[in-house]
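Structure record follows, encoded as structure tokens.
The values are calculated or read from the model by the stated rules, or taken from the named source; none is laboratory data. These numbers were taken from a predicted model, which means no experiment stands behind them. Please note: Cβ atoms are built from the backbone with ideal geometry, for glycine as well, and neighbour counts cover all protein chains shown.
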Amino acid sequence: MVNGDRCSIVVDKISVLSLSTMAAQRNLRCATMIVQPKASLLSEIANSIDRGQVKIDIGRVFPLAEARQAQELSQQGHTRGKIVLQAIAQ
């Protein structure tokens, strides 16, 4: 990482302390957030998706074997829409 880069990591509660410590040792800013899934909200989101109320702009789909190319495209920062890695062939 270079100055100004941002990184998002999903970790468990115990790892948050380790992550914060490692960031401080490297003079990086670290913001943490602990969330708990709520079944009622997840259900509401799923229903919104089923009704077509949530639209996701997919820019490009890569097979999992091409994850490196997907990452390179993402780092260029010129994509429109989400980059999707397809783990299971259709």
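List of remarks:
- Members of the stretch 1-31 found to be assigned to a loop (DSSP other than H, G, I, E, B) and either among the hydrophobic types (A, V, I, L, M, F, W, C) or at pLDDT 70 or above (or both), listed by number: Met1, Val2, Cys7, Ile9, Val10, Val11, Arg26, Asn27, Leu28, Arg29, Cys30, Ala31
- Matching residues in the stretch 38-51 - criterion: being part of a loop (DSSP other than H, G, I, E, B) and modelled with pLDDT of 90 or more: Arg51
- The lone exception for Lys82 - which of (1) of a type outside the set (Val, Ile, Thr); (2) in contact with an Asp or Glu (Cβ under 7 Å, 6 or more places away or on another chain); (3) more than 28 Å from Leu19 (Cβ to Cβ) it fails: (3)
- Flag for Val54 being assigned to a loop (DSSP other than H, G, I, E, B), surrounded by 11 or more Cβ atoms within 10 Å (Cβ to Cβ) and at pLDDT 80 or above: yes
- The stretch 72-83 residues that are at pLDDT 90 or above, paired with ones that are in a loop (DSSP other than H, G, I, E, B) and surrounded by 10 or more Cβ atoms within 10 Å (Cβ to Cβ) (beta carbon under 8 Å, 6 or more apart): Leu73/Thr79
- Meets criteria (surrounded by fewer than 10 Cβ atoms within 10 Å (Cβ to Cβ) and part of a loop (DSSP other than H, G, I, E, B)) for Val35: yes
- Residues satisfying the stated conditions in the stretch 33-90, i.e. of a type in the set (A, V, I, L, M) and in contact with a Gly (Cβ under 7 Å, 6 or more places away or on another chain): Ile58, Ile83
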